[in-house]
Amino acid sequence: MLVSFEYNGNKIQLFKIFSDILDPVVQMHSHAKNGYEIHYIASGTGLLETENNKYELRKNSLYVTGPNVLHKQFSDTSDPVHEISVYLKISGSGKDAAIRFFTSKPFWIGKGSPLVRKVFNRLVSENERNGLWKYSVLSSLTLQLITE
């Protein structure tokens, strides 16, 4: 799957939408130049490990891992993590304030709002459909996710 679109001088490419129970361990990895993954924990508990810290993961955890941010995920086997995530690349002029703000923070962790949860769920459902406007809808939802 590849959804590619331009937005205010930026090229945004959506490569993958993932929604599933995580393996007990997702090995340490990072993303390439301009690569970002937005992670939302829909349910379960686990642990996120970066080079410098460890963070508890639980329902509504939201975090972004950008270029060269090493991270490893652990899912509690008695309460496995169900993660929804999107992998995208952003490149361009950086003229748009929202995109510039998003790309200025290669790592961020916090709590997702009800609106963010709805956007993630809609991304998953739209990706599973083959509607006439699928790529337009996915593009719009990706921009909404970045700005929220």
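The values are calculated or read from the model by the stated rules, or taken from the named source; none is laboratory data. As the structure is a computational prediction, the values presented were derived from the model and not from experiment. Backbone-built Cβ (ideal geometry, glycine too); neighbour counts: all protein chains shown. In case anyone asks, the SASA skips ligands and DNA or RNA and just uses the protein heavy atoms, side chains included. Shrake-Rupley method; radii C 1.70, N 1.55, O 1.52, S 1.80 Å.
Here are a few things to note about the model shown:
- Some residue of region 107-114 being buried (at least 16 other Cβ atoms within 10 Å of the Cβ), more than 13 Å from the chain's Cα centre (by Cα) and within 25 Å of residue 1 (Cβ to Cβ): no
- Residue within region 44-63 that is modelled with pLDDT under 95, farther than 19 Å from residue 139 by Cβ and under 13 Å from the mean Cα position of the chain (by Cα) present: no
Conditions tested, residue by residue: (1) touching a helix residue (DSSP H, G or I) at 6+ places or on another chain (Cβ under 8 Å); (2) of a type outside the set (Asp, Glu).
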site: 40; (1), (2): yes, yes
site: 55; (1), (2): no, yes
site: 70; (1), (2): no, yes
site: 84; (1), (2): yes, yes
site: 89; (1), (2): no, yes
site: 99; (1), (2): yes, yes
site: 104; (1), (2): no, yes
site: 119; (1), (2): yes, yes
site: 126; (1), (2): yes, no
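- Residue count for region 119-139, restricted to those that are closer than 22 Å to residue 7 by Cα, in a helix (DSSP H, G or I) and open to solvent by 80 Å² or more (accessible area, probe 1.4 Å): 2.
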